[in-house]
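The values are calculated or read from the model by the stated rules, or taken from the named source; none is laboratory data. Note that the structure is a prediction, hence the values are computed from the model and not measured. Here Cβ is always computed from backbone atoms with ideal geometry, including for glycine, and neighbour counts include all displayed protein chains.
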């Protein structure tokens, strides 16, 4: 299977009984205005640090309270299928398009930002250039241990890429897998030397630094978009939120978090 096909198929993989859904509510109750409506959002962890930085200004500008649940794209899709109610979802544009085709989301899709895949190590590690697949292969073989997620588009792509490079068995004993979340946290905890994930997720973990990106021939660029659930009772508010995510302030924050605004 080609890497392109792998990328397109990642969002379609069912996780079955693996359902580890972690809800993080932003804006504590003490700061909420009971007179304002609350917008419920499902959001990819690729934008976690961005949203944590943006929520206060978005609430003020939009005259709303915001609650966000973070996880990988696939786990968020599963959470909705299992009954999680929300007004907005921010995941890969392919997943958004699929939900629009199912009439689960309203049109239009709103593209927010894109990011690529990189490698991180402990803070202080010098950066390197992985010019081609062979350079990446040699680096991974020499690494003491690596970590990546088993869900989400980037995590599943990385797993398939390692297999395509012929390294699945070679790296098996030193690979640390987590179902979702931030792979670089395993560097901080001492469980892994190297983490592979989207740049925006790697940069969200203090104590680590991005040391390289995947070689161009293997790189995966993922665009994250927002959509409004057709079942939402607050469609106007939801669409207002998506528009604010394309504003100048949001774009500045996206850039600082390792994302390329659309």
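Only a single criterion out of (1) in a loop (DSSP other than H, G, I, E, B); (2) under 17 Å from residue 134 (Cα atoms) is not satisfied by residue 163, namely (1).
The helices (runs of 4 or more DSSP H) found wholly in segment 166-262 include none carrying at least 2 residues that are outside the structural domain of residue 123 (by TED's automatic domain parsing), more than 30 Å from residue 66 (Cα to Cα) and free of Cβ contacts under 8 Å to residues at least 12 places away in the same chain. Taken over segment 141-160, the residue count meeting the criterion of being touching a residue at least 24 places away in the same chain (Cβ under 8 Å), under 30 Å from residue 76 (Cα atoms) and assigned to a helix (DSSP H, G or I) is 7.
With respect to (1) in contact with a strand residue (DSSP E or B) (Cβ under 7 Å, 6 or more places away or on another chain); (2) crowded, with 23+ Cβ neighbours inside 10 Å; (3) at pLDDT 95 or above, the lone exception for residue 70 is condition (3). Here residue 83 passes the criteria (1) closer than 19 Å to residue 180 by Cβ; (2) under 16 Å from the mean Cα position of the chain (by Cα) except the one numbered (2). Scanning segment 221-262 for residues that are crowded, with 21+ Cβ neighbours inside 10 Å and closer than 30 Å to residue 139 by Cα returns 222, 224, 254, 257, 258, 259.
The sole residue among 103, 82 that is surrounded by fewer than 22 Cβ atoms within 10 Å (Cβ to Cβ) and modelled with pLDDT of 95 or more is 103.
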